[in-house]
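Asks: To start, I am sharing the structure in question, which I have written as structure tokens.
Nothing in this text is a laboratory measurement; each read-out follows from the coordinates by a stated rule. The shown structure was predicted, so the numbers you read here are calculated from the model rather than taken from an experiment. All Cβ positions, even for glycine, are placed from backbone atoms using ideal geometry, and neighbour counts span all protein chains on display.
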Amino acid sequence: MTEYHTAVIGAGSGGLTVAIGLAGFGKPTLLIERKDVGGDCTNVGCIPSKTLIHLSRRFAQEGFTPAQVLSKVRARRDHLRDEETAWVHTIPNLTFKAATARLLDATTLELTYPDGLAERVTAKHIVVATGSSPRILEIPGLPAAQVLTNESLFDLNDVPKHLVIMGGGIVASEMAFAFQRLGTQVTIVQQAERILNRLEPEVSALIQHKMSQAGITIYLNATAQRYDATTQRLTIEQDGQALELTGVDKVLQAIGRKPNLDVGLQAADVHTEEAGIITNHLHRTNVPTIYAIGDVSASSAFTHSANQQGRRVVQHLALPFIPQAKEPVYPSAIFTAPEVAQVGEPLSVLQRRFHPDLLYTARLDLKDTDRGYTQYLEDGFILIHALRFSGRVLSATIVAEHASEMIPILTLAVNNGVRLYALSNLVFPYPTLAEGIKKLSSDFVLATLPKLGRELVSYLRYRWRP
Ligand SMILES: Cc1cc2nc3c(=O)[nH]c(=O)nc-3n(C[C@H](O)[C@H](O)[C@H](O)COP(=O)(O)OP(=O)(O)OC[C@H]3O[C@@H](n4cnc5c(N)ncnc54)[C@H](O)[C@@H]3O)c2cc1C
């Protein structure tokens, strides 16, 4: 039985980062994957969805049919997966095995190969990076062939005529815009009272407005009841009333994700909760030899956070003498039209953590920037929540084209204590939408400096009050 320094279960964003990182430090590492190298992001998540979004914007100009777009998305995704797969086989100190792994105890795994053969391996450390799967809402009468998840969506040979999307989160919102542009009639059925309901209410209002403008129908406070395959009618219930959606040929399940915990965690006595495996700041579970990162842990839901957690595990295992920094606040980006990018908590959550009189909110309509003017911009905004007087940035939201490219500066501010005073002195190229960050920061400085004494007193009064 071979003993490895570390065995990594799952070759997605998190697992690949750990395996390649540790192998780079000369540690004999085993990487086990039961499906495709690249995990969800490469195969059924970020890469195909962002390619689809991109191509859906330009397919008409380029003379493609929607079916050709879907086939191009697959080709692009497959090319990347093939590259990643070939790559993992070339990395020194890294052994790759295409198998399903299961924990037997704190240092032993059983690997089952596609031909049914099994093998046991041991490792000093085990990293569980098994990702997540789509949650499914059972809809009576709906044939399995008409149900889509992110795992089957990108295998469609042609676009649906009428796509109903269950859910109103990130995947639902992004795919609604993309399919609507490809000519599909899109209806969103969202159980909550607004879409993107974990973000600032103003984001939901703007994106809902943009969806309606684009021709996407949204039912809020609603859920599906049953489907009649003969008439292609989906009955939904909204505020106690039954409504019929007609001509529905596909239903995309986008109501959320559940962690992939089917990896023998009980055998090793690893503690879990509904959101995933419980870990500490080192991403270590209650079993000292076992770590968990990415979607399977309770603390990550993005590719960049899985990657960062993977880097942190590499640092801890390969360079344990270097102290581990605090885990950063992760930004997120939603590739709707316009994009939404955000870092930190929305105001409703901050108000539970800080006294309301301690919070300073700055907001700017991007149409009021010079770049917004030259672009004839009609909507989009920057919203920043900070501590008054100190100018510490707590959270920020940007809704704009390329918002995802602007959020890193505010992510740096949130994580590294860059205050609004410093941002007001930062020089941005002119004219840019990002310059709005400087304008908002300067507004804060202008509002604070003339009454610095009073601001300091308020700050001291409320800073330590619950
Ligand atoms: C439609 C969609 C779009 C998305 N877009 C974005 C985006 O734009 N940006 C972003 O940051 N995030 C995005 N995400 C989220 C992102 O894909 C995930 O957060 C990320 O893939 C998580 O990485 P991971 O390493 O934790 O898990 P995964 O990438 O899911 O990898 C886990 C791997 O483990 C394997 N595995 C599971 N169990 C076993 C086992 N027992 N044995 C062996 N192998 C096993 C799985 O087959 C899988 O390959 C998107 C998700 C979806 C669904």
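Asks: Which net charge results when you count Lys and Arg as +1 and Asp and Glu as -1 among the other residues whose beta-carbon is under 10 Å from that of Val37?
Replies: -3
Asks: Between Phe25 and Asp269, how high is the FRET efficiency from 1/(1 + (r/R0)^6) when r is the Cβ-Cβ distance and R₀ = 30 Å? Nearest 0.05. Don't skip to the answer; put the middle values down first.
Replies: Values: r = 29 Å, r/R0 = 0.96.
Efficiency for this residue pair is about 0.55.
Asks: List the residues, sorted by chain then number, that are 5 or more residues from Val8 or on another chain and whose placed amide H is less than 5 Å from its amide H.
Replies: Leu30, Leu31, Ile32, Val127
Asks: Whole-Hz Karplus ³J(HN,Hα) for segment 342-356, in order, using 6.51 cos²θ - 1.76 cosθ + 1.60 and θ = phi - 60°, x for Gly and Pro?
Replies: Coupling constants for segment 342-356: 8, 9, x, 8, x, 3, 4, 7, 4, 5, 7, 9, 10, 5, x Hz.
Asks: Right, here's the next one. If I model a spin label as a point 7 Å beyond the Cα along the Cα-Cβ vector, how far apart are those points for Glu151 and Arg465 in nm?
Replies: 5.2
Asks: I need the shape label for segment 97-195. Rule: rounded when a/c is under 1.5, else prolate if a/b > b/c, else oblate, with a, b, c from the alpha carbon gyration tensor.
Replies: Values: a/c = 2.95, a/b = 2.33, b/c = 1.27.
Prolate, because a/c is 1.5 or more and a/b exceeds b/c.
Asks: What does the C-alpha gyration tensor say about the overall shape of the chain? Classify as rounded when a/c is under 1.5, otherwise prolate if a/b is larger than b/c, or oblate.
Replies: Taking the square roots of the gyration eigenvalues as a ≥ b ≥ c, the chain is oblate.
Asks: Of Pro160, Ala362, Ser348, which is farthest towards the positive pole of the chain's charge dipole, taken about the Cα centre with +1 and -1 on the beta-carbons of Lys, Arg and Asp, Glu respectively?
Replies: Of Pro160, Ala362, Ser348, it is Ala362.
Asks: I've got another one for you. Would you pull out the residues with amide H under 5 Å of Lys258's amide H, same chain only if 5 or more places away, H placed 1.01 Å from N?
Replies: Under 5 Å from the amide H of Lys258 lie the amide H atoms of Ser133, Arg135, each far enough along the sequence or on another chain.
Asks: May I ask for the equivalent-ellipsoid semi-axes of segment 2-84, computed as the square root of five times each C-alpha gyration tensor eigenvalue and listed largest first in whole Å?
Replies: Each semi-axis is √(5λ); the values are 35, 10, 9 Å.
Asks: Straight-line reach from Lys367: which aspartates and glutamates fall under 13 Å, measuring Cα to Cα and dropping same-chain residues less than 8 apart?
Replies: Filter leaves Glu378, Asp379, Glu401, Glu435.
Asks: Positive end of the dipole of the chain, charges at C-beta (+1 Lys, Arg; -1 Asp, Glu), about the Cα centre: which of Ala413, Phe389, Ala337 has its Cα farthest in that direction?
Replies: Sorting the options by dipole projection puts first Phe389.
Asks: Could you tally the net charge around Thr184, taking each other residue with its Cβ under 11 Å from the Cβ of Thr184, Lys/Arg +1 and Asp/Glu -1?
Replies: In short, +1.
Asks: Across segment 88-103, in residue order, what do the Karplus-derived ³J(HN,Hα) couplings come to in whole Hz, using 6.51 cos²θ - 1.76 cosθ + 1.60 with θ = phi - 60° and x for Gly and Pro?
Replies: 4, 7, 9, 7, x, 6, 10, 9, 9, 10, 8, 7, 9, 9, 9, 6
Asks: Set the Förster distance to 60 Å, then compute FRET efficiency between Asp365 and Ala144 from the Cβ-Cβ distance, nearest 0.05. Present the calculation step by step, with values, prior to reporting the outcome.
Replies: Numbers: r = 47 Å, r/R0 = 0.78.
Between Asp365 and Ala144 the formula returns 0.80.
Asks: Relative to the Cα centre, what is the charge dipole magnitude of segment 262-414, using +1 at the beta carbon of each Lys and Arg, -1 at the beta carbon of each Asp and Glu, and rounding to the nearest 20 debye?
Replies: 660
Asks: How much net charge surrounds Glu378 when only other residues with a Cβ under 13 Å from its Cβ are counted (Lys, Arg +1; Asp, Glu -1)? Mind showing how you got there, number by number?
Replies: Details: positive: Lys210, Lys367; negative: Asp365, Asp368, Asp379, Glu401.
Net charge around Glu378: -2.
Asks: Using a 10 angstrom Cβ neighbour count of at most 10 plus a DSSP loop assignment to flag exposed chymotrypsin sites (Phe, Trp or Tyr not before Pro), which longest range of the chain is free of such sites? Before the final figure, lay out each step's value.
Replies: Values: sites that count: Phe321, Tyr376, Trp464.
The segment 1-320 is the longest one with no such site.
Asks: So which GluC sites (Glu not before Pro) in segment 132-206 are both in a DSSP loop and have at most 12 other Cβ atoms within 10 Å of their Cβ?
Replies: Details: sites: Glu138, Glu151, Glu174, Glu193, Glu202; in loops: Glu138, Glu193.
Passing both the DSSP loop test and the Cβ count: Glu138, Glu193.
Asks: Of Lys97/Lys326; Lys161/Lys210; Lys50/Lys438; Lys50/Lys210, which pairs sit farther than 25 Å apart, going by alpha carbon to alpha carbon?
Replies: The answer is Lys97/Lys326; Lys50/Lys438.
Asks: Next question. Rounded if a/c is under 1.5, else prolate if a/b beats b/c, else oblate: with a ≥ b ≥ c from the C-alpha gyration tensor eigenvalues square-rooted, which is segment 148-256?
Replies: Here segment 148-256 falls in the oblate category.
Asks: Label-point separation (nm) for Ser212 and Gln351, each offset 7 Å from Cα along Cα-to-Cβ?
Replies: 2.4
Asks: What percent does the relative contact order of the chain come to when contacts are Cα pairs within less than 8 Å and at least six residues apart?
Replies: 13
Asks: So, one more: Aspartates and glutamates within cross-link reach of Lys124: Cα-Cα under 17 Å, excluding same-chain residues under 8 positions apart?
Replies: Correct list for Lys124: Glu3, Asp105, Glu110, Asp269.
Asks: Right, next: If you average the C-alpha positions of segment 284-312 and of segment 132-170 separately, how far apart do those two centres end up, in angstrom?
Replies: The two parts, judged by their Cα centres, are 28 Å apart.
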